[in-house]
1. Only one residue in Arg81, Arg108, Arg116 is basic (Lys, Arg), closer than 18 Å to Leu7 by Cα and part of a helix (DSSP H, G or I), so which one is that?
2. Specify the residue that is farthest from the chain's Cα centre (by Cα); the eligible residues are those in segment 45-55 that are more than 9 Å from ligand 2 (Cβ to nearest atom) and surrounded by 13 or more Cβ atoms within 10 Å (Cβ to Cβ).
3. Out of Ala105, Ala25, Ala115, report the one residue that is without any contact (Cβ under 8 Å) to a residue 24 or more places away in the chain and hydrophobic (A, V, I, L, M, F, W, C).
4. Would you mention how many residues in segment 90-133 are within 16 Å of ligand 2 (Cβ to nearest atom) and charged (D, E, K, R)?
5. State the number of residues belonging to segment 8-62 that are on the phi > 0 side of the Ramachandran plot and part of a helix (DSSP H, G or I).
6. Checking the conditions here, which among Arg109, Arg96 is farther than 12 Å from Asp41 by Cβ, at pLDDT 95 or above and away from ligand 1 (no atom under 16 Å from the Cβ)?
7. Regarding Arg88, is this residue over 14 Å from Glu125 (Cβ atoms), free of Cβ contacts under 8 Å to residues at least 40 places away in the same chain and either among the basic types (Lys, Arg) or surrounded by 16 or more Cβ atoms within 10 Å (Cβ to Cβ) (or both)?
Amino acid sequence: MTDAEDLRLAHRRLDSLLGRFLAAADAGALPPSREAIAAFDEELRRHTALEEETVLPPAAGHGLAPAESETAQAGLGRQLRLEHVQIRELSGQMRRLVEEQGDLAGARRLFPNLARRWDAHTEREERDLFPSV
Ligand SMILES: [Fe+2]
Ligand SMILES: [Fe+2]
């Protein structure tokens, strides 16, 4: 059983890795930026996989598309899974830019998009999902 408090703590660790990336990227420091985004990306993949296996309502109907008679719980689960896909995609893109091309400026440009999605996602989970975990 996964404890809601552990999931909340994982959100805060991930928040702080994003903060470390931002500070390092704004200082133009490549190695610590690379380390922070790689750590974020890895921990993000572990965290979202754990949520998908343990606490998210199971996907109903056809994959990521809404089923016709979807319950509110199933709808929440489907939307949170879709947000995981989008957030992992952005994080992976930033990591590749930094690791494979040393393109810190390119990754920094994607940061507000990732941070906005991540903040909205975690707020929603902590408000709508974790109380019932
Ligand atoms: Fe999540
Ligand atoms: Fe989460």
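1. Working: Arg108 fails: closer than 18 Å to Leu7 by Cα; Arg116 fails: closer than 18 Å to Leu7 by Cα.
Residue meeting the stated conditions: Arg81.
2. Initial filter on segment 45-55 (more than 9 Å from ligand 2 (Cβ to nearest atom)): 45-46, 49, 52-54.
Those left that are additionally surrounded by 13 or more Cβ atoms within 10 Å (Cβ to Cβ): 45, 52.
Working: Arg45: 8, Glu52: 12 Å.
Among them, the one singled out is Glu52.
3. After ruling out the rest, the residue left standing is Ala105.
4. Pass one, segment 90-133, residues within 16 Å of ligand 2 (Cβ to nearest atom): 90-91, 114-133.
Checking the rest, the ones that are also charged (D, E, K, R) come to 116-117, 119, 123-128.
Selection size over segment 90-133: 9.
5. Of all residues in segment 8-62, those on the phi > 0 side of the Ramachandran plot come to 28, 61.
Checking which are part of a helix (DSSP H, G or I) leaves us with none.
Total satisfying the criteria: 0.
6. Arg109
7. On the way: over 14 Å from Glu125 (Cβ atoms): yes; free of Cβ contacts under 8 Å to residues at least 40 places away in the same chain: no; either among the basic types (Lys, Arg) or surrounded by 16 or more Cβ atoms within 10 Å (Cβ to Cβ) (or both): yes.
Considered against the rule, which asks whether it is over 14 Å from Glu125 (Cβ atoms), free of Cβ contacts under 8 Å to residues at least 40 places away in the same chain and either among the basic types (Lys, Arg) or surrounded by 16 or more Cβ atoms within 10 Å (Cβ to Cβ) (or both), Arg88 comes out as no.
Every residue, every condition in (1) out of contact with any helix residue (DSSP H, G or I) (no Cβ under 9 Å at 6 or more places or on another chain); (2) under 26 Å from Ser132 (Cβ atoms), yes or no:
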residue: Arg8; (1), (2): no, yes
residue: Gly28; (1), (2): no, no
residue: Ala39; (1), (2): no, no
residue: Ala72; (1), (2): yes, yes
residue: Gln79; (1), (2): no, yes
residue: Leu82; (1), (2): yes, yes
residue: Leu97; (1), (2): no, no
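The values are calculated or read from the model by the stated rules, or taken from the named source; none is laboratory data. Keep in mind it's a predicted model, so treat the numbers as computed, not measured. Reconstructed Cβ throughout: ideal geometry from the backbone, glycine too, with neighbour counts over all protein chains shown.
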